[in-house]
Each structure stands twice: as C-alpha cells, then as structure tokens.
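These notes are about the structure you will find just below.
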Amino acid sequence: MRKRLCITPLFALALSACSLTSVQEEPRGTGDLGVVIERAAGNVLIVEHTNNQAIARVEGLGDLSHASVVFSRDERYAYVFGRDGGLTKVDLLKQRIDKRIIQGGNSIGGAISQDGRLIAVGNYEPGGVKIFTADTLELVADIPATAIADGSKNSRVVGMVDAPGQKFLVSLFDTGEIWIIDFSDSAADAPTVSRFTDIGKQPYDSMLTPEGRYYIAGLFGEDGLAMLDLWNPEQGVTRILDGYGKGNQALPVYKMPHLEGWTVADNQAFVPGVGHHQVLVIDTQTWQQSKAIEMVGQPVFVMARPDARQIWVNFAYPDNQYVQVIDSQTKEVIKTIEPGPGVLHMEFTPRGEHIWISVRDRNEVQVWDTQTLEHLYTLEADNPSGIFFTNRAHRIGL
Amino acid sequence: MRYLSKRKYAVIFLMASFLFPLTSHAESISAERQATLKHLLIQDCGSCHGLRMKGGLGPALTPGDIADKPKEGLVATIIHGRPGTAMPPWAALLTDQEATWLIDQLLQGVSP
C-alpha cells in the first residue's frame with residue numbers, strides 16, 4: 001500500500017501541488033477524500049480512504065501548528081486555518097491552493113456556516129472573530145473581542161463552532177465569555193452578537209453536542225464546565241460537573257485536552273479528565289459524573305467511533321505513543337495499542353470501519369481496523385498532525 | 001530528503017563548533033539528551049507557545065521577547081510553572097540544568 005512520494009523541496013515558495021498519482025481525468029467524487037496536515041513543513045496531503053493512499057501534496061500553507069480544517073458543503077474545498085493567521089482554501093480535485101489569505105496574526109480555528117456561505121475564524125492575535133465569504137474569502141465582518149482588564153489587548157478567542165440557525169459560537173479565553181454570533185438576519189449589515197459574561201475562568205476549548213443543542217466550554221482556571229443550552233439561551237450559561245477539571249492533586253497539564261469529538265453514547269458523554277489519567281463518563285440527563293475510567297496517560301482526544309460502540313483515546317506527552325480503546329457499554333479499556341511516538345490525532349472513516357492515526361515522530365499515518373484492532377496500512381507523511389475527512393462537511397458544530 | 005538531512009548535519013556541526021563552548025551547561029547534557037530536549041521544545045512547548053515560538057495559548061518566546069528578562073526567572077517558570085495559568089511545572093521531567101539549556105536555545109532562536 002505504500003506509494004512512493006515524489007520529493008519536492010519542502011521549502012519551495014511556489015504554491016504547487018505535487019501529484020502522487022496522475023491527476024484524474026475521469027470525473028470523480030470527493031466523499032472518500034480528506035487532508036492530513038504536515039505541520040512542520042506547512043503542507044497538506046490529500047488522501048483517499050477507499051484505497052488508503054495519499055494522492056497529492058499541496059505546499060505553501062505557512063505555519064500549520066495547531067491547524068484545523070472545515071469543508072465546503074460540496075466536499076470539494078478544504079479550508080485550512082493555520083497558526084500564523086493564514087486561511088487557505090484548498091481545491092481537493094485540482095489538488096492546489098484555490099485562494100490563500102493572511103487574515104490575522106495568530107489563530108487557532110474556525111468554522112463554516114450552516115448554509116455553507118460563510119467562514120468564521122477565531123483569532124488569538126489580534127483577539128477577535130473575522131468572518132469571510134466561503135467562495136472568495138472576502139471579509140464580511142470583523143468583531144474585536146473584549147479588551148482584557150489592563151486594556152493592553154483583546155481577549156484571545158477559542159472554541160469556534162457553527163450552530164443551527166446560521167450562528168457561530170466562541171469562547172473568550174482571557175475575559176471568560178461565551179458569544180453567539182448570529183447571521184440569521186440576512187437583511188442586516190452586521191450579525192447580532194449575544195454576550196454571556198462571567199462564565200468561568202479561562203475557557204480553553206469548547207464543543208457542541210452532535211445534535212447542535214448544548215455548547216460546552218472547558219475551563220482551565222477552575223473546576224467544572226460552562227454550558228449553554230441553545231434551545232433555551234435565555235436561561236444563560238450554567239455550570240455543570242463542578243468536580244470536573246483539575247480537581248485535587250491534579251498532575252501538570254502538558255497539553256491542553258480537546259473537547260471536540262465528545263461522544264454521546266447511550267446518554268453518556270466521554271470526556272478527557274484535565275490533569276488526570278482518566279476519561280470521565282457523564283450522564284447527559286443529569287450532567288453528573290457517573291464513572292472515571294483509568295487510562296495510561298492524560299487524554300487529549302476522546303473520540304467515538306461513528307456507531308458510538310467504541311471510544312478511542314490518545315494522550316499528552318510523555319504518554320503520546322499509546323492509544324487506548326474503550327468499550328462504550330462496559331466502559332472498560334479493551335485494548336492498548338502503541339502506534340509509536342507522537343500520536344497527535346485520529347479520524348474515523350465515515351462509517352467507522354477504520355481509524356487513521358497520525359504518528360508524528362515516525363512520519364507515518366497508520367490505518368487500523370476498528371473491529372479486529374489490527375494495524376492494516378501505513379502512509380508516509382512529514383510530521384503529520386491533524387487528519388480530516390470530507391464527511392465533516394455535513395456535521396454540525398465542528 | 002537527502003538535502004534536508006545534509007542540512008541537519010550542517011546545523012549540528014555548527015552547533016558543535018559554536019554553541020558548545022559558549023554554553024557551560026551543554027557539556028554535561030549528552031548529545032542524545034540534547035536532541036530529545038530540542039524535540040520537546042519545538043513539539044511540546046510548541047503546542048502552547050507555537051512551533052516557531054511566536055505564541056499561542058502561552059506567550060511568544062522568541063529572543064526578542066525574552067532577552068531582557070532575568071534568566072533565573074524564566075528557568076524557574078519552566079521548573080515550577082505558573083500556578084493559576086496554563087504553564088505547567090516541568091520539574092518531574094526536566095532538571096534545572098536542562099531548563100537552563102532550553103532557555104539558552106530560546107535565546108538563540110529555534111525553528112522547526
């Protein structure tokens with residue numbers, strides 16, 4: 001299954017694509033495509049999960065540490081948000097950059113609107129939110145975040161997701177707020193912004209439950225999670241899981257956990273325990289913790305297979321060579337695998353028969369069978385981090 | 001790939017010829033450990049401070065950002081962290097000497 005990569009200078013300035021197989025002349029779909037971030041080199045690999053192969057490398061996307069990706073609703077374009085404030089629209093069919101802008105100084109992630117016409121980016125520097133048209137990346141709105149107490153700069157913006165009703169939600173790390181940015185009134189020049197203040201200290205990441213109802217922010221500066229019920233926003237932000245978070249005798253947190261990919265299976269949510277070697281199970285009827293599952297390290301991503309029957313977990317340094325699999329029914333670890341040092345991300349194929357795992361320090365992306373829990377294929381990639389498949393285009397809240 | 005690894009050798013050679021005599025701590029940190037530390041700095045510190053140390057959740061740590069801050073203070077920040085912030089204490093994984101070596105690297109500028 002290994003394909004020979006064609007070698008191009010990684011530092012080439014040209015925004016070129018290097019086809020690993022010849023560009024398809026036949027029309028083709030994009031439902032089995034995806035991208036793998038090569039974070040140090042600033043490239044993305046276009047991959048295809050029908051044949052488990054890389055089909056092209058697109059270069060020149062800048063600093064891709066902590067990059068994230070959303071897809072256009074036709075699943076043809078990938079929007080890549082880079083750390084350096086770059087926003088790059090990659091054409092998966094033509095295997096090249098369609099458009100690239102530097103929209104801010106330092107950003108962490110973005111989202112695409114319900115109707116697919118708007119791309120929103122949350123920025124650290126300068127702190128705020130920028131909204132662009134999805135087709136041409138033209139600026140539509142620029143919403144500065146609240147200034148921090150000493151007035152020196154604006155709060156950093158984290159946890160950007162889209163929500164039903166043409167909305168975006170974000171959290172403000174430094175000023176402890178959640179905002180709803182509402183574009184549903186297409187006649188208005190500017191979106192309406194609803195601000196919820198005093199939601200807790202240092203929200204560092206957020207997630208939307210898969211049906212799009214609850215927006216939940218993890219708080220770094222204190223225990224518990226901040227939750228906003230989008231069906232009843234007038235009730236305001238409430239605190240759930242007060243014991244959650246760093247808790248007693250927490251270990252140093254060497255890497256911030258991600259809340260994306262929260263699994264709700266059988267009214268149970270599986271979430272990383274911050275500063276603990278645990279995955280916590282939360283009853284989503286009462287929002288109380290029902291169990292803590294002991295793990296080999298501090299969880300980073302806790303992701304459910306699409307049928308929610310298994311939960312796959314990777315870990316922070318110094319345990320980032322492992323991945324553990326939890327049975328969602330018995331809530332026990334059924335297997336510990338060791339893909340290799342620097343496991344950074346995982347992505348299930350749309351129906352979950354395989355999981356792709358990026359193993360940074362081996363320069364590999366590994367494809368594992370989720371039924372047999374065996375390693376099937378290996379793709380070469382240069383310091384791979386995030387893996388994103390196009391079926392994300394049709395999921396709410398990513 | 002060939003070219004890159006050649007370049008890496010060149011970098012290592014440069015480091016060997018210039019940095020070692022300048023940094024008194026380097027002598028007792030083995031070359032292997034230094035490689036591990038460099039990797040830790042870029043990948044793991046970089047997950048908060050940015051792969052290019054230009055900042056993220058944690059502040060920027062480029063030479064321009066930290067050059068005029070007292071070195072002991074920066075080393076202490078690495079070892080003990082900053083309680084109440086996301087900066088974790090690294091005492092369980094790094095010695096004082098290694099933390100000092102990391103600050104020396106930052107003062108010279110690091111890139112992935």
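The numbers here are math on the coordinates, done by the rules we state, and not lab data. Remember, it's a predicted structure, so these values are computed and weren't measured experimentally. No Cβ is skipped: glycine too gets one built from the backbone with ideal geometry, and neighbour counts run over all protein chains shown.
Taking a ≥ b ≥ c as the square roots of the eigenvalues of the Cα gyration tensor of segment A:153-262, is the shape rounded (a/c under 1.5), prolate (a/b larger than b/c) or oblate?
Prolate.
Given the -39500 (n - 2.57) contribution per DSSP H run of 4+ residues, what per-residue ellipticity at 222 nm results for the protein assembly as shown, rounded to the nearest 500 deg cm²/dmol?
The helix contribution divided over the protein assembly as shown gives -3000 deg cm²/dmol.
Taking the Cα centre of the protein assembly as shown as the origin, how large is its charge dipole in debye, to the nearest 20, when only Lys and Arg (+1) and Asp and Glu (-1) carry charge on their Cβ atoms?
Around 1140 debye, computed over the protein assembly as shown.
Once phi is turned into ³J(HN,Hα) by the Karplus curve 6.51 cos²θ - 1.76 cosθ + 1.60 with θ = phi - 60°, what whole-Hz value does each residue of segment A:358-367 show in order, with x for glycine and proline?
8, 10, 3, 6, 9, 6, 9, 10, 10, 10
Determine the sum of side-chain charges near A:Asp198: Lys and Arg each +1, Asp and Glu each -1, restricted to other residues whose C-beta is under 14 angstrom from that of A:Asp198.
0
Using a Förster distance of 25 Å, how high is the FRET efficiency between A:Glu222 and A:Val193, based on the Cβ-Cβ distance and rounded to 0.05?
After rounding to 0.05, the efficiency reads 0.50.
How many nm separate the modelled label positions at B:Ala67 and A:Glu234, each set 7 Å beyond the Cα in the direction of the Cβ?
Each label point is offset 7 Å from its Cα along the Cβ direction, giving 5.9 nm.
For the pair A:Asp135/A:Lys99, report the inter-label distance in nm, with labels modelled 7 Å from Cα in the Cβ direction.
Taking the two extended label points, one gets 0.9 nm.
From other protein chains only, count the Cβ atoms within 10 Å of every residue's Cβ in A:35-42, then give the mean.
For this peptide, the per-residue mean of nearby foreign Cβ atoms is 2.
What FRET efficiency comes out for the pair A:Thr372/B:Thr85, r = Cβ-Cβ distance, R0 = 56 Å, nearest 0.05?
0.80
Would you please classify the overall shape of the protein assembly as shown from the alpha carbon gyration tensor, given that a ≥ b ≥ c denote the square roots of the eigenvalues, rounded means a/c under 1.5, and beyond that prolate means a/b larger than b/c while oblate covers the rest?
rounded
Amide H of A:Ala56 versus every other amide H placed in the peptide plane: which residues, excluding those fewer than 5 positions away on the same chain, fall under 5 Å?
For A:Ala56, the qualifying residues are A:Leu20, A:Ile46.
Quote the relative contact order of chain A in percent (integer), defining contacts as alpha-carbon pairs under 8 Å separated by 6+ residues.
It comes to 11 percent, rounded to a whole number.
Pull out the extension gain between A:Thr50 and A:Glu25, defined as 0.36 nm times the separation in residues minus the alpha carbon to alpha carbon distance; nm, one decimal.
Working it through step by step, the gained length comes to 7.2 nm.
Using the Cβ atoms and a cut-off under 15 Å, what net charge is assigned to the surroundings of A:Gly82, where Lys and Arg are +1 and Asp and Glu are -1?
Net charge in that neighbourhood comes out at +3.
How big is the C-alpha Rg of segment A:189-324 next to the rule-of-thumb value 2.2 N^0.38 Å, as a ratio?
1.05
With θ set to phi - 60° and the Karplus curve 6.51 cos²θ - 1.76 cosθ + 1.60, what are the ³J(HN,Hα) couplings of segment A:72-78 in order, to the nearest whole Hz, using x for Gly and Pro?
With the stated coefficients, segment A:72-78 comes to 5, 5, 8, 6, 9, 10, 9 Hz.
GNM on chain A, C-alpha springs below 10 Å: top fluctuator among A:Asp307, A:Asp223, A:Asp189?
Among A:Asp307, A:Asp223, A:Asp189, the largest GNM mean-square fluctuation belongs to A:Asp189.
Let me know the mean shielding of B:40-53 by other chains, meaning the per-residue number of their Cβ atoms within 10 Å of its Cβ.
5
Could you pull out the longest piece of chain A with no exposed loop GluC sites (Glu not before Pro) in it, calling a site exposed if DSSP puts it outside H, G, I, E, B and it has at most 12 other Cβ atoms within 10 Å?
A:212-373
Please check: in the Gaussian network model of chain A (C-alpha springs, under 10 Å), which one of A:Gly165, A:Gly224, A:Gly176 has the largest mean-square fluctuation.
A:Gly165
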